[in-house]
Amino acid sequence: MSNNINWDSYFYTRYKPKKDDWSNEDIAKYKRWYKNWLAYIKKNQQFEFKNTKVLEIGCGIGAFVSLLYEEGSMPVGTDISRKILEKAKKISPHIDFFFYNIMETFPYKETYDFVVAFEVLEHVPDVGIAVKNIFKRLKRGGYFIGSTPYPYAKNMTDPTHVNVHLPFFWKTLFMTEGFLNVKTFPLSVPPILWGMMIPRYVPWQGFVSTTLIIAKK
């Protein structure tokens, strides 16, 4: 990711804690959000996460890896913000977290059953390198699960969104980098209605309109 962006500030401006600093109250909020994402993915893809090794790129405060841990998975959370990782470690000391920039070589030889990255790829200046690095971290037969905004005008207002593309672009890129089976799904979520996952792109302001990507190595 770009070195010109202060990712520590990002988690205090673009995504703000409920109070003065990140706490258990915040992780409960985001777990509520991601619980529906996880249920949607499990239902539609028949994935089972128990006893699997999962790497999350861009874990933020650690809500999704916390849910995976409760599923019986062995998750690892990574992020480009050292400050948010400090908070995640304090809130969830039973989960492994470490700093990682997807544009760089992974520091360990470990491979995983799943690599997940929600709303991350749009921030990456060279998505080809990012997808190559994701591919290397997956076991043969493993899956990438991620999402990235649909190119509506509302999704272009964040200056860190440097790669926002149509679904065909992402499917072509993942196939080019060696993935055997790549599926994309439209998905929109109104944050005020936590449980509603709409299988289409909604252009309205206030909706998270994104492309869900499922790619098998």
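Among the residues making up the stretch 12-52, those that are in contact with a Leu (Cβ under 8 Å, 6 or more places away or on another chain) and assigned to a helix (DSSP H, G or I) are LYS31, TYR34, LYS35, LEU38, TYR40, ILE41.
Looking across the stretch 98-113, the residues that are free of Cβ contacts under 8 Å to residues at least 60 places away in the same chain, part of a loop (DSSP other than H, G, I, E, B) and not β-branched (Val, Ile, Thr) come down to TYR100, GLU104, PHE106, PRO107, TYR108, LYS109, GLU110.
Of TYR40, TYR69, all but one fail to be in contact with a strand residue (DSSP E or B) (Cβ under 8 Å, 6 or more places away or on another chain), at pLDDT below 95 and crowded, with 16+ Cβ neighbours inside 10 Å; the exception is TYR40. When PHE169, PHE179, PHE207, PHE185 are checked against the criterion of being of a type outside the set (A, V, I, L, M) and without any contact (Cβ under 8 Å) to a residue 12 or more places away in the chain, a single residue qualifies: PHE169.
Scanning the stretch 121-139 for residues that are out of contact with any Asp or Glu (no Cβ under 9 Å at 6 or more places or on another chain) and not in a helix (DSSP H, G or I) gives VAL124, PRO125, ASP126. Out of everything in the stretch 114-139 that is free of Cβ contacts under 8 Å to residues at least 40 places away in the same chain and under 24 Å from LEU38 (Cβ atoms), what residue ends up being surrounded by the most Cβ atoms within 10 Å (Cβ to Cβ)? It comes out as ALA130. Residues in the stretch 159-174 that are under 17 Å from the mean Cα position of the chain (by Cα) and part of a loop (DSSP other than H, G, I, E, B): 6 in all.
For VAL202, state whether it is out of contact with any Leu (no Cβ under 6 Å at 6 or more places or on another chain), crowded, with 17+ Cβ neighbours inside 10 Å, more than 27 Å from PRO75 (Cβ to Cβ) and not hydroxyl-bearing (Ser, Thr, Tyr). When the stated conditions are applied, VAL202 passes them. Summed over the stretch 124-150, the residues that are closer than 23 Å to VAL162 by Cα and of a type outside the set (Asp, Glu) give a count of 18. Among the residues of the stretch 65-97, the ones that are touching a Cys at 6+ places or on another chain (Cβ under 9 Å) and among the hydroxyl-bearing types (Ser, Thr, Tyr) come to 1 in all. May I ask you to list the residues in the stretch 16-27 that are closer than 20 Å to VAL189 by Cα and surrounded by 14 or more Cβ atoms within 10 Å (Cβ to Cβ)? Answer for the stretch 16-27, where residues must be closer than 20 Å to VAL189 by Cα and surrounded by 14 or more Cβ atoms within 10 Å (Cβ to Cβ): ASP26, ILE27.
In this structure, GLY142 qualifies as in contact (Cβ under 8 Å) with a residue 60 or more places away in the chain, over 19 Å from ASN36 (Cβ atoms) and in a strand (DSSP E or B).
The values are calculated or read from the model by the stated rules, or taken from the named source; none is laboratory data. Keep in mind that this is a model prediction, so the values were computed, not measured. Every residue, glycine among them, receives a Cβ derived from its backbone with ideal geometry; neighbour counts consider all protein chains shown.
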